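Here is the structure we will look at.
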Amino acid sequence: MDAKTGWLAPAVPEHHLDGPPTTVQDILRGDAIPPAATLRETTDYVPPVKPLSLSRYVSPAFHQLEIEHMWGRVWQFAAWTFDIPNPGDSTVYDIAGRSAVIVRQADGSLKAFENSCPHRGRKLCTEDAHIKQIRCPYHAFTWGIDGTCRWIPAAWDFPQLDREDLPLREVQVDVWNGFIFVNFDPDAKPLAQYLGKMVDQWQEWDFTKTRFRAVTAGKACNANWKAVLDAFIETLHVTGTHPEAAYLTSDTSTQYDVWPDEPHFSRFHSPVGLPSANLLSEPDEQETLDMFTSMYLPEAHGTPEGELQDGETARAAIGRLSREVYKDRMGVDATRLPNSEVIDGTEYMVFPNMIVWPSFSNPLVYRFRPGKTHDTSYWEISLFIPFEGERPPSGEVYHLQDGDKLADVPYFGGLGAILDQDVENLQYIQEGMTANSSGVVHTARYQEQRIRHYHQTLDRYLDGTI
Ligand SMILES: [Fe+2]
């Protein structure tokens, strides 16, 4: 018996050795409302199973390779379009020594510029702001928000520089589903091509009409950015890290999808309302429902509605109650939405630095960035909450200090408490990887395939084959 949880026995249940006992497709077929078409699709492809070299996480030289060969060439998630809605609104995106300033133009379009003065190189913008021009704080060289040079101080003393020939250098910028991406490579192919089939898979999840950014929390991590990313693209860790959640979300039934011809995204779908196969003694349906309502739907906990109705499964009841609570909490009518969107967790990763969940219950968007050293990184977690009617304004951005809990950030609540459990691992993942003399780590063939998938993509950037 595990001292911390009181329920988890150390033995592996026999039935778990045979593979997932229930598939996501079995579960979704049992739902009253069918899921989005893309979630009825599964893939057979699994990236080859081989150990991952630890140097990828613990070596300053590998960190340098990523900066030289990857970060300058990929589309990366930089901002949310509704955070800079008006002409002159600007936001700064810093990444691994590079920096871009993204500015809303007079015609509503976006431009991004290299955030460095062409004169002596000072960083031009250091914070998000509404601007009428871009003026270097060092010598006051000035550009319009369209990047054309407006003023050179003491122009007579720069016979070699012509205003017309001194625009800010543009960085590629594009938008998918309201998310602004930049690419520092002027020759990069378009974002839509980079995202591939993911664009079609998201047809039914239009964030530009349905979601607002309610809050963002940023956290400095003492771990390589990939070690942080890895902690969120599998549910194998639920039993170990989030033992209570193992009652409610079938980590062992999660479906993982990786496409061999799609290097830049992968996904999982994790069903809610049925317990993990890792549990030696499974709770009954009412116990599952009670645990769920006590954690996530306190409005319904202990009420007559919070009881199973005739012939109802815990999953169906969680769906029913969630729809009611979402109506009250957010004014959103989810009655026609499938369980897959209302209670489950669908999660997409966009290589290299974004995770986005289209489901209501985990309305999360993550951004990962390396720090100044190989063993530090910055992780930002935003809640993109559903709305109906007029778009609410974007919310606050909090920069958490050591010891600050995500659970204490407005809106985060129970989700924040779960993420705090993940945070507890991060520093020790990095320390353990550094202390590991074997040189490698191992990944589960199926459940951790997304980790190998993006490492494969990373390798292709490093060796120049992509
Ligand atoms: Fe987790």
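General observations
- Estimated FRET transfer efficiency when R0 is 60 angstrom, pair His139-Glu204 (beta carbons, to 0.05): 0.70
- The mean accessible area for residues of the stretch 76-187, using a 1.4 Å probe and ignoring ligands and nucleic acids, is 49 Å² per residue.
- For the chain, cysteines whose Cβ has no other cysteine Cβ within reach (under 4.7 Å): Cys125, Cys149, Cys221
- Estimated FRET transfer efficiency (Ala61, Glu299; beta-carbon r; R0 56 Å; 0.05): 0.60
- Residue among Ile233, Val258, Pro87 farthest towards the positive dipole end of the chain, charges placed on Cβ: Pro87
- Rounded to the nearest Hz, the phi-derived 3J(HN,Hα) couplings of the stretch 200-206 under the Karplus curve 6.51 cos²θ - 1.76 cosθ + 1.60 (θ = phi - 60°) are 5, 4, 9, 3, 8, 10, 8, where x marks glycine and proline.
- Spin-label model distance (nm) - Ala155 vs Glu170, 7 Å beyond Cα toward Cβ: 2.3 nm
- For the stretch 76-187, the Kirkwood hydrodynamic radius comes to 14.2 Å, computed from all pairs of different C-alpha atoms.
- For the listed residue pairs Lys219/Lys405; Lys111/Lys132; Lys111/Lys226; Lys50/Lys197, the alpha carbons are over 18 angstrom apart in Lys111/Lys226; Lys50/Lys197.
- Of all accessible heavy-atom area on the stretch 76-187, the percent that carbon and sulfur account for (1.4 Å): 46 percent
- Placing +1 on the Cβ of every Lys and Arg and -1 on the Cβ of every Asp and Glu, with no other charges, gives the chain a dipole of roughly 1740 debye about its Cα centre.
- Residue-normalised accessible area of the stretch 355-412, expressed per residue, 1.4 Å probe, Å²: 46 Å²
- Helix-only mean residue ellipticity at 222 nm for the chain, each DSSP H run of n ≥ 4 adding -39500 (n - 2.57), per residue, nearest 500: -6500 deg cm²/dmol
- Scoring 34-46, 149-161, 329-341 by mean Cβ neighbours within 10 Å over their residues and listing the highest first yields 329-341, 34-46, 149-161.
- Taking 7 Å steps out from each Cα toward its Cβ at Glu312 and Leu462 produces label points 5.2 nm apart.
The values are calculated or read from the model by the stated rules, or taken from the named source; none is laboratory data. This is a predicted model, so every value here is computed, not measured. We place every Cβ from the backbone using ideal geometry, glycine too, and count neighbours over all the protein chains shown. Quick note on the areas: whole protein, heavy atoms, side chains included, nothing else; ligands and nucleic acids left out. Shrake-Rupley method; radii C 1.70, N 1.55, O 1.52, S 1.80 Å.
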